[in-house]
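Have a look at the structure below before the remarks.
The values are calculated or read from the model by the stated rules, or taken from the named source; none is laboratory data. Here the structure is a predicted model, which is why all the values come from computation and not from measurement. Glycine gets a Cβ as well: all are built from the backbone with ideal geometry, and neighbour counts include every protein chain shown.
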Amino acid sequence: MPKPITDMTNAFSVKGLNVIVTGGNRGIGLGISTAFAQSGANVAILCRNKESGDRAVESLKEHGGKHFCVQCDTSSLESVKRAVAEVMMVFSGINVLVNNAGVSTVTKFHDDKDLSEWHRVVSTNLHGPAYMIYEVVPHMKKTGRGGSIINISSIGGQSVGGTKHHPKASYHASKAGLEMLTKALAVELGDDAIRCNVIEPGPTHSDLDKDLPPEAFVQIQNQMPMHRFGEPIEIGALCVFLSTEAANQITGAIHVHDGGLVLGG
């Protein structure tokens, strides 16, 4: 069992920890990778686009530490197995897994021919994290110090707001499923001192910004008590905290990071 902290000396440190971030090459994922690198951790980025991943790694190197990219399609168990094996050729163990890779869609359920979009989204957003956890947890156990699993969901895991204009049943279902998987595994893995938590980002600046008309920014920001979109590194900051000894008693929790949007005020 993880011991409680007795003082604050290293309570918020992740220095020297080995971290995997799926989809860590851009957007929120790059913010997470950067936050860990700046905090002294070693980061393995798993992503489909190796060229993009290698560029992200270059941006991390200025912070010191050991950083590299492995090509991986998390929707494929075989790809995940190969990627984790490759990571273990560099890392002596794995302390933190951040399941960030995800996709979305804007397709009405009954307009989805042969449910191809359903399978694409659920395979990446729900099966992908399950595959990663399945392969990584045995390596976490071997460290003898437990570990931290952080699943990046969305406020779409608890709300279907805007569905009339942006129908995405598969996305909402996959994120809600991911949150229940997290809670179940928090119980299963507690005896091994492995903590499982969810972060639900709300509106956050990322590559998706280009698809949002300017008037939508204003409308959304006006609805948010904090009146601004989040930044990717702010999601990273929460990931770092959840991986520290200060967070050793936090597991099975859903952490909303949305500037208050879901409050509906």
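At-a-glance table
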{"quantity": "Candidate set from the stretch 35-62 (those that are part of a loop (DSSP other than H, G, I, E, B) and under 25 Å from residue 120 (Cβ atoms)); member that is farthest from the chain's Cα centre (by Cα)", "calculated": "49"}
{"quantity": "Close pairs from the stretch 90-102: first touching a residue at least 60 places away in the same chain (Cβ under 8 Å), partner among the aromatic types (Phe, Trp, Tyr) and crowded, with 24+ Cβ neighbours inside 10 Å, Cβ under 9 Å, at least 6 apart", "calculated": "96/36; 98/36; 102/171"}
{"quantity": "Residue that is farthest from residue 80 (Cα to Cα), among those in the stretch 2-23 that are of a type in the set (Val, Ile, Thr) and in contact (Cβ under 8 Å) with a residue 12 or more places away in the chain", "calculated": "5"}
{"quantity": "Residue tally, condition surrounded by 14 or more Cβ atoms within 10 Å (Cβ to Cβ), modelled with pLDDT of 90 or more and touching a Pro at 6+ places or on another chain (Cβ under 8 Å), over the stretch 206-257", "calculated": "6"}
{"quantity": "Answer from 93, 65 - the residue that is surrounded by fewer than 19 Cβ atoms within 10 Å (Cβ to Cβ), in contact with a strand residue (DSSP E or B) (Cβ under 8 Å, 6 or more places away or on another chain) and assigned to a loop (DSSP other than H, G, I, E, B)", "calculated": "93"}
{"quantity": "Answer from 225, 201 - the residue that is free of Cβ contacts under 8 Å to residues at least 60 places away in the same chain and not aliphatic (A, V, I, L, M)", "calculated": "225"}
